[in-house]
Amino acid sequence: MFDKLKIKWIFACIIFFSATSILGAAKDWTGAISTSWSDATNWNPVGVPGATDDVTIKSAGNLPVLDGDYEIQSLILLSNTSLALNGNQLIVNQNLTVNNTGSSNKHLILTNAADILIVKGNTTIGGENTFSAGVFKLYGNLTQQYRTTSIRPSGTLFQFDGTSKQIVTFIYPDLNNWSFLNDVTINNTDTVQINSDIYISGHLTLGTNGHLYQSSSYETYYSGQLPTIGSGTYSVEKSYVYGALVANENLTMPSPVNHLFIFPDKSLTLNGYQISVGGNFQVENTGSSNKHLIMSNPSDHLIVMGNAVFGGENSLDTGMVELKGDFTQQYRTTAVRPTGTTFKFSGSSGQQVSFVYPDLTNWSYFGAMEISNSNGVTFNSDVYINGHLTLTNNGLVSQGSGFE
């Protein structure tokens, strides 16, 4: 009987210690000796954290610097702490949290091109960080909160690699003293869903079959360049030009709910490329004399599948604006005064043309104009044509009574 009890006790101990090993332990940074992550005596309890350990970085005289590649279970950075990757890779198997803090102290520090931070759970960032290089790979949700300037990357690529829906939320989205993303890659073929406005200061790229979604309640602002969509799915309804953007590739935004806006005093230069907008296109109303849509290369080609509204100044020297929907000139009297750009109307149903300010002298007009719509283009205002009007492919034009 005694031997049987002894065997059971030994077996229970084995199970207990095995379970403890699998579950891991809470590891707190003390920095008692140095900044070295690999020094066991910098941790409480003593020992370098492993793949099943929950790590908390606490304020200390010495703050941790990675000196190799590591894998841990979860990570929390408290106020006034930091973690520098230092050219290494850190894998976090569950959640990462930078605690809410008003401190200007930089918490996550990615400054080396070899820095790789991988988070397989959710990421919540409520304090300041330095993101100037490397790659931040996310497999779960991303939430920016509390500290308005907590996410302002100047070089770190944010890469969304999840296999199920990932949700991105910015509580404080803006370029001016708030938070934004720089370069972004969407590899998630399920969905990356943006549940707030978002600002992209660099380049957003959809990987093979990557899917980006944002509802009509929110807006995406591009201040560096327009997105690269490729074979991905771009389910974003409101995209804004929010800087001096110069196209460097052809772009097709294929969905009828993909609308493109040029924000007042911002600009889009086609630079010899074709941009096709599946939804509506609008140069927003502004009294500014700044040029918004800039077409100065003969290869420039803007195609708008929906309606086009011009409410601000533009530079229309060459190339073609091809419209499948209605055209409206409004607000800025000199919004549409092309010196060489052809306006082509090629819709498959009736199209309407309206000038709020039609005239050759200090108001708006068309230069060269082509109509290939056999279902008709109707002028619902006076229209001035300063070039040549051409009807092709059984194109039809009419004008309401009372207009000229």
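General observations
- Environment charge of K238, counting only residues whose C-beta is closer than 14 Å and scoring Lys/Arg +1, Asp/Glu -1: -4
- Residue pairs, from the table K137/K266; K238/K324; K137/K165; K27/K165; K238/K266; K27/K58, whose Cα atoms sit over 21 Å apart: K137/K266; K27/K165
- Mean separation of Cα contacts under 8 Å (6+ apart) over length of region 279-404, as relative contact order %: 18
- The fraction of Cα-Cα pairs per 10 angstrom bin, counted from 0 for region 282-381, comes to 17, 53, 29, 2 percent, rounded to whole percents.
- Between L360, L302, L90, the GNM of the chain built on Cα springs shorter than 10 angstrom shows L360 fluctuating the most.
- GNM flexibility winner over the chain from L181, L212, L78 (Cα, springs under 10 Å): L78
- Per residue Cα convex hull volume in Å³ - calculated over the chain: 164
- Taking 0.36 nm per residue of separation and subtracting the Cα-Cα distance, full extension of the segment from S215 to S34 would add 60.3 nm.
- Axis of helix 2-23 versus longest Cα principal axis of the chain: the two differ by about 30°, to the nearest ten degrees.
- Dividing the C-alpha radius of gyration of region 112-234 by 2.2 N^0.38 Å, with N its residue count, gives 0.95.
- Globularity index of region 65-121 is 1.09 (Cα radius of gyration / 2.2 N^0.38 Å, N = number of residues).
- Here region 196-354 is described by how far its Cα atoms reach on the three principal axes: 40, 34, 31 Å, from widest to narrowest.
- Ordering of 388-397, 305-314, 333-342 by burial proxy (mean other Cβ atoms within 10 Å per residue, highest first): 305-314, 333-342, 388-397
- At most 14 other Cβ within 10 Å, DSSP loop - trypsin sites (Lys or Arg not before Pro), region 100-179: K165
- For the chain, built as a Gaussian network whose Cα springs stay under 10 Å, the top-fluctuating residue of V353, V55, V46: V46
Computed from the coordinates by the stated procedures, all read-outs in this text should not be read as laboratory data. Owing to the predicted nature of the structure, the values given are computational and were not obtained by experimental measurement. Ideal geometry is used to build each Cβ from the backbone, glycine not excepted, and the neighbour counts take in all protein chains shown.
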